[in-house]
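This report refers to the structure that appears directly beneath it.
The values are calculated or read from the model by the stated rules, or taken from the named source; none is laboratory data. None of these values were measured; they are calculated from a predicted model. Because the Cβ atoms are built from the backbone with ideal geometry, glycine has one as well, and the counts that use them run over all protein chains shown. These accessible areas exclude ligands, DNA and RNA; they are computed on the full protein's heavy atoms, side chains included. Shrake-Rupley method; radii C 1.70, N 1.55, O 1.52, S 1.80 Å.
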Amino acid sequence: MIRTTLLSLILFSTALLSSARAAERETQTPAEKLTTSRRVLIIAHRGDSKAAPENTLPAFRSALQAGADLVELDYYHSSDGVPVVFHDKELDRTTDAVRRWGGEKIPLTSKSLAELRKLDAGSWFDAKFAGTRIPTLARSIEVIQAGSVTLVERKGGDAKTCVALLEKHRWTERLVVQAFDWDYLADCHRLAPKLVLGALGSKEITAARLDQIENCGASVVGWNYQDLRKSDVVEIHRRGLRVWVYTVDDLKVAQRLIDLGVDGLITNVPGKMRKLVAP
Ligand code: G3P
Ligand code: CA
């Protein structure tokens, strides 16, 4: 008798738990569903950046072809306040700005969108990409969302402008925003509580830093893989957070990190990593 009652209780609570999980899944946004899924996510760093010039539309299109679960990009504001996709503070390394305008160490934020759009952001990588332009954040997201999910990294610019852009295009629940500046993330969280956020960092992961990450509303910890230990992964998961690592291009290193329990690999070679992890 006792045994039958106990069994019924167990069955009842299991059914309750699975229906609660199903209800939770139904209320999750598409971005939450992706970031809480159990599989290891392959994230193309600056697009498919070994195949095409980083942070350009060809690199994003190539990342979609490679089957990336997410496509990462970096953005700043132009001098007239338009978010544009670019990694460095200065234009020198990946454009013809120095040849065109003279001088050196030309800050991206000193140029208007019209000026930036004149630059060649492809020839430095390969002559076949000559004439490739610096894309706006809006156009880049549009291209990526057609076949993947954008991982927007803020390098410069305020949260209000970013959230307004995402809301205007109804992208707030469909992508992820990450930053090394956790105050920026806290601002994003206040403005758009459903937006999935990733807190970037490196060096030691302490309880205090994880508290800060939780307090700013981030649900993903984006860490330098060289600084991550097994105990960090265990603690991050215990808190209900996810951990993605940057930037991993070696298959053996990637496998070691998967064995450690990471939830996402940020990589310059998404096609190569895709072979390691099934979609
Ligand atoms: O996604 C994290 C990684 O992109 C951070 O480093 O310098 O490539 O933006 P960085
Ligand atoms: Ca980045």
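Just checking, how many residues over region 150-177 are open to solvent by less than 10 Å² (accessible area, probe 1.4 Å), within 16 Å of ligand 2 (Cβ to nearest atom) and either part of a loop (DSSP other than H, G, I, E, B) or under 16 Å from Asn215 (Cβ atoms) (or both)?
Of the residues in region 150-177, 1 are open to solvent by less than 10 Å² (accessible area, probe 1.4 Å), within 16 Å of ligand 2 (Cβ to nearest atom) and either part of a loop (DSSP other than H, G, I, E, B) or under 16 Å from Asn215 (Cβ atoms) (or both).
State whether the residues of region 121-135 include one that is of a type outside the set (D, E, K, R), under 18 Å from the mean Cα position of the chain (by Cα) and farther than 17 Å from Ser62 by Cα. So that I can check it myself, show each step before the final result.
Filtering region 121-135 down to residues of a type outside the set (D, E, K, R) leaves 121-125, 127, 129-132, 134-135.
With under 18 Å from the mean Cα position of the chain (by Cα) added as a condition, the list becomes 135.
In the following step, the residues that additionally are farther than 17 Å from Ser62 by Cα were identified as none.
No, region 121-135 contains no residue that is of a type outside the set (D, E, K, R), under 18 Å from the mean Cα position of the chain (by Cα) and farther than 17 Å from Ser62 by Cα.
Scanning for something basic (Lys, Arg), more than 13 Å from ligand 1 (Cβ to nearest atom) and more than 20 Å from Val196 (Cα to Cα), does region 233-251 turn up at least one residue?
no
So is Thr109 within 15 Å of the chain's Cα centre (by Cα), touching a residue at least 12 places away in the same chain (Cβ under 8 Å) and surrounded by fewer than 20 Cβ atoms within 10 Å (Cβ to Cβ) or not?
When the stated conditions are applied, Thr109 does not pass them.
As an exercise: evaluate Asp96 against (1) open to solvent by less than 40 Å² (accessible area, probe 1.4 Å); (2) in contact (Cβ under 8 Å) with a residue 24 or more places away in the chain; (3) within 17 Å of Ala59 (Cα to Cα) and give the number of the one condition it does not meet.
(3)
Which one is nearest to Leu197 (Cα to Cα) among residues in region 149-163 that are within 16 Å of ligand 1 (Cβ to nearest atom) and among the β-branched types (Val, Ile, Thr)?
Checking each candidate, the answer is Val152.
(1) closer than 19 Å to Ile266 by Cα; (2) open to solvent by less than 30 Å² (accessible area, probe 1.4 Å): which one isn't true of Gly147, the others all being true?
(2)
I'd like to know if region 209-231 contains one or more residues that are over 24 Å from Leu41 (Cα atoms) and within 14 Å of ligand 1 (Cβ to nearest atom).
No: region 209-231 contains no residue that is over 24 Å from Leu41 (Cα atoms) and within 14 Å of ligand 1 (Cβ to nearest atom).
Out of Gly261, Gly217, Gly201, I need the residue that is farther than 28 Å from Ser62 by Cβ, within 16 Å of ligand 2 (Cβ to nearest atom) and not hydrophobic (A, V, I, L, M, F, W, C). Which one?
Selected residue: Gly201, the only one of Gly261, Gly217, Gly201 that is farther than 28 Å from Ser62 by Cβ, within 16 Å of ligand 2 (Cβ to nearest atom) and not hydrophobic (A, V, I, L, M, F, W, C).
Restricting the search to region 52-81, which residues are closer than 18 Å to Ile42 by Cα, polar (S, T, N, Q) and within 15 Å of ligand 2 (Cβ to nearest atom)?
Asn55 - this is the single residue of region 52-81 that is closer than 18 Å to Ile42 by Cα, polar (S, T, N, Q) and within 15 Å of ligand 2 (Cβ to nearest atom).
Pull up region 35-50, narrow it to residues that are of a type in the set (A, V, I, L, M) and either open to solvent by less than 20 Å² (accessible area, probe 1.4 Å) or free of Cβ contacts under 8 Å to residues at least 12 places away in the same chain (or both), then point me to the one that is nearest to ligand 1 (Cβ to nearest atom).
Ile43
Determine whether Gly198 is in contact with a Lys or Arg (Cβ under 9 Å, 6 or more places away or on another chain), within 21 Å of Lys33 (Cβ to Cβ) and either more than 11 Å from ligand 1 (Cβ to nearest atom) or part of a loop (DSSP other than H, G, I, E, B) (or both).
For Gly198, the condition - in contact with a Lys or Arg (Cβ under 9 Å, 6 or more places away or on another chain), within 21 Å of Lys33 (Cβ to Cβ) and either more than 11 Å from ligand 1 (Cβ to nearest atom) or part of a loop (DSSP other than H, G, I, E, B) (or both) - is not met.
Mind listing whichever residues of region 178-189 are away from ligand 2 (no atom under 13 Å from the Cβ) and farther than 11 Å from Asn215 by Cα? It would help to see each step written out before you state the result.
At the first step, the residues of region 178-189 found to be away from ligand 2 (no atom under 13 Å from the Cβ) are 182-189.
The answer is Tyr184, Asp187, Cys188.
Among the residues of region 66-88, is any under 25 Å from the mean Cα position of the chain (by Cα), open to solvent by 30 Å² or more (accessible area, probe 1.4 Å) and among the acidic types (Asp, Glu)?
So far as region 66-88 goes, yes, one or more of its residues are under 25 Å from the mean Cα position of the chain (by Cα), open to solvent by 30 Å² or more (accessible area, probe 1.4 Å) and among the acidic types (Asp, Glu).
In region 66-85, which residues are without any contact (Cβ under 8 Å) to a residue 60 or more places away in the chain and more than 17 Å from Glu142 (Cβ to Cβ)?
Selection gives Ser78, Ser79, Asp80.
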